[in-house]
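Asker: Handing you this structure, nothing more for now.
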Amino acid sequence: MNKRAILLILFTLLTLFQAHAVLKEQDLESTLSILRTELTNYHAELERQSGYMKSQQAAIRDKLFSIMGQSNQNALMLYSQKPEYVFDMAYACHEATEQYDDFKKNVQPFRLLIEKNKAEIARYDYLINSLSTMNVSTLSKKAQTDKSVCLTFAVNIRHTLNDNSNQFKDYINYYQEIEQQLKALNDYANKRYKNIQSGIFNNAGENYFNILTKFRTNYQETKEDITTKYFEDSNAESQWDASYIIGLFILIIFYAVIAGLINLLVIRFLIPKRFRTPAFISRRTCITMTTSVVSLALLLGVIRMIFFGQNFIIMACGLLVGYTWLLGVILISLLLRLSGEQIKSGFRIYLPLMAMGFIVIAFRIVLVPNSLIHIALCPVLLVCTIWQWIAIRHNNKNVPKSDVTYTYISLTVFLISFVCAWMGYTLLSVQLLIWWIMQLTCVLTITCLRGWLKKLAEKREYEKKDITQTWFFYAIYQVVLPILSVASFLLALYWAADVFNLSDKIWDIYREKYINTKWFAANILSIAEVVALYFIFAYLNRTIKAFLKIHFENSDLSTAASRNIMAKNVVQVAVWGTWLIISLAMFHIDNTWLVVVSGGFSTGVGFAMKDILENIYYGISLMAGRVKIGDYIVFEGTRGRVSSINYTSTIVEATDGSIIAFQNSQLFTKSYKNMTKNHGYELDILEVGVAYGSDIKQVKQLLYDAITALKITAKKREVKIVLKEFGDNAITLKILVWVSVMTQYVDDGRIMECVYDTLNANNIEIPFPQRDIHIIHATPEQMETAANGGAI
């Protein structure tokens, strides 16, 4: 009987404790009549369930005895472990703590049932007392009968509940006994866990130089440990004997060979010829290896289900499935990202890590004694380090830079692990290796997915499509993949800890508040959650802005740019403000402290940033519709096109090519001309003079026809030519034309050129100022007077 069955039984018991309450009826007699019906039904229900309840109570008792037996088994396993057998000790500690955690989860419904039963007994005590002391002199005979029946049923029900409660007392005793034993096991296991953790990070054993100097002695100790652990004769059969271990590895090797042969035959002979392209042929070996690894993983799952009762096989198959995942991810990643010529080089640079991973997993499966790990790990790490270096040197030019980077990190991890093992931190060395193997598996999985999505985007040309067609793709690419990258670090540490059965402890480390003050609290999980939310809100920010841009362009293209800038700023404030509020809540920022600090900060910033805030306010007002990007404005003698508007300033590209930034407060508080606000045309007044005596009507008609023929003026506003004045040298005419703001300077030049050509072609004189000089000659007398120095 499993946990679900117990929960089902408890739920059935709880459903029997119905309310059976009556509400205020017309009178007391009606209330008694209804209560009689309720109690009759409840009593009948209890009678019908009595047989079923007895059998279910027996099942609960058997389950409690089963839990007690398992607890005794875990106690014997845990207390008999030698401290130097770290893998064995970690496995026993995990079994003990896991059973205690499961027991605490499952005992809660039972305790709830006990409390519910006590409350029901107390309720019926009150009901019996009320019915017993009720005055019946004023009641009718039927009401008196109902009252007597109600009292009888209430007493019977109360007796039944009391019997159940007495039965529960026995169960409570069992539960308390089991709980005490499991708690003692859990406390002992946690102490051993702390010793294991201390051995990993703090307590170093003998360094490898001392081990080599006493190699003969250490070798004898290791040989004795191996003999005692795996080959000692015992009359009792154990699931952890050497025969089981050897048999499991033989079985796995056999199935691996079978899987490889089947996949080799299928890929070489059963694949249709149309699929045997040169690219397929060059990748055929890697494809065969990949399918074989996947097949082996499935076979391991089948073995685990077949040998369900064998704890060793379940544990070993679980670890090997994780290792086959590493192999499969590496091979699939090579297939998807590398060409046929590069695959061999890629496989070679990852092979040392795969080999080291298998060795470490094998150590974990067979629960290798510490003495063997101390002697064997350093030479193995040295060989793998040299192997990795040689593989990088010979193959780094034929693989992508990302793979070279990963293998250099692997080489660094090998070196650090070797140094740790040499200094005596053997368990820390194993932990580092396991962590990097799991981390690389996650990284390659994400890299493979990222590469596949990138190729999909290039194939479907997502960069050229709008957000309405690509939002889901970018949700995967910009949100899911980064969040998986963050989660991969936590998962890799979790799996590395699980090698020593410290997975439960790693969650405690994640939840531990390393910063825990009155104003602020943070742990690893909260930091990871805030980072994950950053990617979500960054995607929302980009996506909402893209959708709004499309909306504005479809609704009104002329105002789309300015409205988009304003909406973009509002969206940024809203999205990132929400992210900040959620992040502060996750870090348990105290609201009082936040209000006080933000209030004082806002006051100081308000005085210091008065001008900036004023510009921001005017910027919002301008973006609301007064000025939009693309408008031509004239301000303080400067004429140009508005290129951008932000919260503090407006950028204008002047007609002379210069870029001028005006503060928003200047534009808002002073006069400026928006030349494109209405229709995009402006009135230009040009002047020309003709000689006196010219036919003014003819001149006006000629100029009107010529200018209109240029087709550069507004169609709805005709050209007007009027007489301005009679000047000293000419009759001045004014030409009133509406030209485009965008081409005003060019259009004015074309019109003046047209006027000049038209007047010349019709022999109409354009006069210019002239002066007549008259020379008066002096008489002989005047010349003589001047020569004598006199006045003429």
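Residues checked against (1) buried (at least 16 other Cβ atoms within 10 Å of the Cβ); (2) assigned to a strand (DSSP E or B); (3) modelled with pLDDT under 70:
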| position | (1), (2), (3) |
| --- | --- |
| 570 | no, no, no |
| 594 | no, no, yes |
| 598 | no, no, yes |
| 611 | no, no, yes |
| 623 | yes, no, yes |
| 647 | yes, no, yes |
| 652 | yes, yes, no |
| 657 | no, no, no |
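Asker: Okay, next question. Determine if segment 404-427 includes at least one residue that is closer than 23 Å to residue 342 by Cα, buried (at least 18 other Cβ atoms within 10 Å of the Cβ), touching a Ser or Thr at 6+ places or on another chain (Cβ under 9 Å) and of a type outside the set (Val, Ile, Thr).
Answerer: Yes.
Asker: All but one of (1) modelled with pLDDT under 70; (2) open to solvent by 60 Å² or more (accessible area, probe 1.4 Å); (3) not in a loop (DSSP other than H, G, I, E, B) hold for residue 223; which doesn't?
Answerer: Among (1) modelled with pLDDT under 70; (2) open to solvent by 60 Å² or more (accessible area, probe 1.4 Å); (3) not in a loop (DSSP other than H, G, I, E, B), residue 223 violates only (1).
Asker: To continue, here is another question. Among the candidates 732, 713, which residue alone is surrounded by 17 or more Cβ atoms within 10 Å (Cβ to Cβ), at pLDDT 80 or above and among the hydroxyl-bearing types (Ser, Thr, Tyr)?
Answerer: 713
Asker: Can you tell me how many residues in segment 718-729 are surrounded by 17 or more Cβ atoms within 10 Å (Cβ to Cβ) and more than 10 Å from residue 707 (Cα to Cα)?
Answerer: The qualifying residues number 1.
Asker: Using the structure shown, decide if residue 337 is surrounded by 19 or more Cβ atoms within 10 Å (Cβ to Cβ) and touching a Pro at 6+ places or on another chain (Cβ under 9 Å).
Answerer: Spelling it out, residue 337 is indeed surrounded by 19 or more Cβ atoms within 10 Å (Cβ to Cβ) and touching a Pro at 6+ places or on another chain (Cβ under 9 Å).
Asker: From the set of residues in segment 738-757 that are among the hydroxyl-bearing types (Ser, Thr, Tyr) and farther than 17 Å from residue 718 by Cβ, which is least open to solvent (accessible area, probe 1.4 Å)?
Answerer: 743
Asker: A follow-up question, please. Which fully enclosed helices (runs of 4 or more DSSP H) of segment 426-506 have 1 or more residues being of a type in the set (Asp, Glu), at pLDDT 85 or above and at negative phi?
Answerer: 426-460
Asker: Taking residue 245 as the residue in question, decide whether it is open to solvent by less than 40 Å² (accessible area, probe 1.4 Å), modelled with pLDDT under 70 and not charged (D, E, K, R).
Answerer: When the stated conditions are applied, residue 245 passes them.
Asker: Answer with yes or no whether residue 288 is open to solvent by less than 40 Å² (accessible area, probe 1.4 Å), modelled with pLDDT of 75 or more and farther than 22 Å from residue 442 by Cα.
Answerer: yes
Asker: From the list 465, 454, 505, which one is open to solvent by 90 Å² or more (accessible area, probe 1.4 Å) and basic (Lys, Arg)?
Answerer: After ruling out the rest, the residue left standing is 454.
Asker: Answer yes or no as to whether residue 349 is in contact with a Cys (Cβ under 6 Å, 6 or more places away or on another chain) and among the β-branched types (Val, Ile, Thr).
Answerer: Answer is no for this residue.
Asker: Being in contact (Cβ under 8 Å) with a residue 12 or more places away in the chain and either over 28 Å from the mean Cα position of the chain (by Cα) or surrounded by fewer than 19 Cβ atoms within 10 Å (Cβ to Cβ) (or both) narrows it down to one residue among 373, 390, 386; which is it?
Answerer: 373
Asker: Quick one: count up the residues across segment 125-147 that are closer than 12 Å to residue 35 by Cβ and hydroxyl-bearing (Ser, Thr, Tyr).
Answerer: The qualifying residues number 1.
The values are calculated or read from the model by the stated rules, or taken from the named source; none is laboratory data. Only a predicted model underlies this, so the values are computations on that prediction, with no experimental measurement involved. Methodologically, a virtual Cβ is constructed for each residue, glycine included, from the backbone with ideal geometry; neighbour enumeration extends over all protein chains shown. Keep in mind that these areas ignore ligands, DNA and RNA; they rest on the heavy atoms of the full protein, side chains included. Shrake-Rupley method; radii C 1.70, N 1.55, O 1.52, S 1.80 Å.
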